[in-house]
Amino acid sequence: MALLQIIGLNKSYNKKKVIEDLSFELQSGEIMGLIGQNGSGKTTIFKTILGLVKKESGEIKINGKLIEGKSKGYLNTIGTIIEYPTFYESLTARQNLMLISSLYDKVNLSKEDLLNYLHLVGLDNSVDCKVSSFSLGMKQRLGLGMAIITSPDLLILDEPTNGLDPDGIKELLNLMISLKKSGMTILLSSHQLYEVSKVADKVVILHDGQIFYDGSNVQSDDLESLFIRIVHGGDAIW
């Protein structure tokens, strides 16, 4: 069954069309890679799903239920990192995770649970370090830890490997695969073809707010060929 359905979505800013008649489906248990250059509409799609941006027209369904303007309950089933995660810089990684977990009625994490999540995202050695001392990559890891503490049905990640070194990218990709095996559905955006080809069951390529390609089981070489074929004004869009 489709966990997420986007049907005929439209959004403009200052009369400029950012998303145009966009439709796609993400099945439960899949990882979908959303690929596109800056301004192609990736982050706007994410924010529209989360109700942070008001759509002009179209439908969004989660688990078959239509998301209306006042819908809020569905957000409990979604974990997300949109753009750059923010934290209380004067607090430690453990304290930040504890604080976020306290905001959820149904999340009651023990000290051991907190340590397990921090271990899962590779912050074992920084549990009691202040976030102000963290690198960008470490903050991305902590943001991911915050996103998964509710064990969400759908995990939305906007450029999740930003700031990570090659080893960190490999660890994060393995984590995504592990989360998928546990039953989580993941929608991620990325500029990196290699990253997407390693984890995604399905790829959607965006250009100027429209879908250029929507396909399954796409390998890295296939993606590169697609980009060569996707031409705008004589030049590849990447």
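One table, with the values for the structure above:
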{"read-out": "Charged-residue dipole, Cβ positions (Lys, Arg, Asp, Glu), segment 60-149 about Cα centre, Debye nearest 20", "value": "300"}
{"read-out": "Gain on full stretching of the segment that runs from M98 to V53 - 0.36 nm per residue minus C-alpha separation", "value": "13.4 nm"}
{"read-out": "Virtual spin-label span in nm between T77 and Q210, 7 Å along Cα→Cβ", "value": "3.2"}
{"read-out": "For the chain: span of alpha carbons on each principal axis (Å, largest first)", "value": "53, 41, 35"}
{"read-out": "Relative intensity, log₁₀ I(q)/I(0), of segment 151-194 from a Debye sum that treats every alpha carbon as a point, q = 0.18 Å⁻¹", "value": "-0.53"}
{"read-out": "Rg to Rh quotient for segment 48-99, alpha carbon positions, Kirkwood Rh", "value": "1.10"}
{"read-out": "Cα centroid separation, segment 89-124 to segment 53-74 (Å)", "value": "29"}
{"read-out": "Prolate/oblate/rounded call for segment 116-176, Cα gyration tensor, a/c under 1.5 rounded", "value": "oblate"}
{"read-out": "Per residue accessible area of segment 85-212, 1.4 Å probe, in Å²", "value": "48"}
{"read-out": "Estimated 222 nm signal from helices in the chain, with DSSP H stretches of n ≥ 4 weighted -39500 (n - 2.57), rounded to 500", "value": "-9000 deg cm²/dmol"}
{"read-out": "Residue among T80, Q140, S102 farthest towards the positive dipole end of the chain, charges placed on Cβ", "value": "S102"}
{"read-out": "Percent RCO, i.e. relative contact order, over segment 1-85, from Cα pairs under 8 Å lying at least 6 residues apart", "value": "35"}
{"read-out": "Carbon plus sulfur fraction of accessible area for segment 28-167, probe 1.4 Å, in percent", "value": "48"}
{"read-out": "Set of lysines with alpha-carbon distance to K170 below 24 Å, sequence-local pairs under 8 removed", "value": "K42, K139, K180, K181, K198, K202"}
{"read-out": "Cβ-placed point charges (K, R +1; D, E -1), dipole of the chain about Cα centre in debye, nearest 20", "value": "740"}
{"read-out": "The chain - share of DSSP beta bridges that are antiparallel (%, nearest 5)", "value": "55"}
{"read-out": "Sites matching chymotrypsin sites (Phe, Trp or Tyr not before Pro) across segment 1-110 that sit in DSSP coil, with at most 14 neighbouring C-beta atoms within 10 Å", "value": "Y88, Y104"}
{"read-out": "With at most 15 other Cβ atoms within 10 Å, longest stretch of the chain clear of loop trypsin sites (Lys or Arg not before Pro) (DSSP)", "value": "107-238"}
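The values are calculated or read from the model by the stated rules, or taken from the named source; none is laboratory data. All values reported here derive from a predicted model rather than from experimental measurement. Every residue, glycine among them, receives a Cβ derived from its backbone with ideal geometry; neighbour counts consider all protein chains shown. Protein only, heavy atoms only, side chains kept; ligands, DNA and RNA dropped before computing areas. Shrake-Rupley method; radii C 1.70, N 1.55, O 1.52, S 1.80 Å.
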